[in-house]
Amino acid sequence: MTAVLDSSAVLALLWREKGCDIVETYLRDAMISTINLAEVYTKCTERSVDPGVVASVLAKQSVTIVDFSAPQALLAGKLRQQTKALGLSLGDRACLAVAMMERATVVTADKPWANVGLNLKIVVIR
């Protein structure tokens with residue numbers, strides 16, 4: 001089954017944090033939205049890690065980068081009301097929107113996502 005990676009899952013993989021082994025099991029058919037990829041690049045820049053390393057790792061693992069579309073943006077906006085109490089960010093909702101439209105599993109390190117109440121399989125890696 002296809003998986004959509006949240007930025008937290010990719011960062012766990014890059015930094016070899018707890019749960020990275022779970023992320024690795026989803027890489028074969030994984031995708032990440034450009035919104036979440038921007039979050040990963042931002043965190044890398046904050047840690048003085050060349051963002052090119054991220055691109056290389058994702059390419060090596062054949063992770064598909066999905067351009068964030070207008071329909072996904074609309075869905076992410078509509079998810080705000082339902083996810084506001086959980087504190088989900090725009091990036092979080094972007095990930096969920098892509099997964100909903102692709103009918104894919106979501107992989108994240110963010111525990112509150114387990115309670116989001118959407119018709120999605122959400123794998124919380126820690």
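The values are calculated or read from the model by the stated rules, or taken from the named source; none is laboratory data. Everything quoted here is computed from the prediction, not taken from an experiment. No Cβ is skipped: glycine too gets one built from the backbone with ideal geometry, and neighbour counts run over all protein chains shown.
Listed here are the residues, each with its yes/no results for (1) within 20 Å of residue 125 (Cβ to Cβ); (2) touching a Gly at 6+ places or on another chain (Cβ under 6 Å); (3) not charged (D, E, K, R).
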| site | (1), (2), (3) |
| --- | --- |
| 67 | no, no, no |
| 82 | no, no, yes |
| 98 | yes, no, yes |
| 101 | no, no, yes |
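Looking only at the range 76-91, decide whether some residue is among the small types (Gly, Ala, Ser) and touching a strand residue (DSSP E or B) at 6+ places or on another chain (Cβ under 8 Å).
no
For residue 76, are the conditions met, namely being within 25 Å of residue 112 (Cα to Cα) and modelled with pLDDT of 95 or more?
Yes: the conditions hold for residue 76.
Kindly list, by first and then second residue, each pair from a residue in the range 8-32 that is surrounded by fewer than 18 Cβ atoms within 10 Å (Cβ to Cβ) to a residue that is assigned to a helix (DSSP H, G or I), limited to pairs with Cβ atoms under 7 Å and residues at least 6 apart or on different chains.
Note: pairs meeting the criteria are 24/13.
Name the residue that is surrounded by the most Cβ atoms within 10 Å (Cβ to Cβ), counting only residues in the range 57-95 that are among the charged types (D, E, K, R) and part of a helix (DSSP H, G or I).
92
Just checking, does the range 42-50 include any residue being exposed (fewer than 15 other Cβ atoms within 10 Å of the Cβ), of a type in the set (Asp, Glu) and not in a helix (DSSP H, G or I)?
Yes, that holds for at least one residue.
Among the listed residues 37, 11, which satisfies the condition of being assigned to a helix (DSSP H, G or I) and in contact with a Lys or Arg (Cβ under 8 Å, 6 or more places away or on another chain)?
11
Going by what's in this entry, would residue 39 be described as more than 20 Å from residue 104 (Cα to Cα), modelled with pLDDT of 95 or more and within 11 Å of the chain's Cα centre (by Cα)?
Yes.
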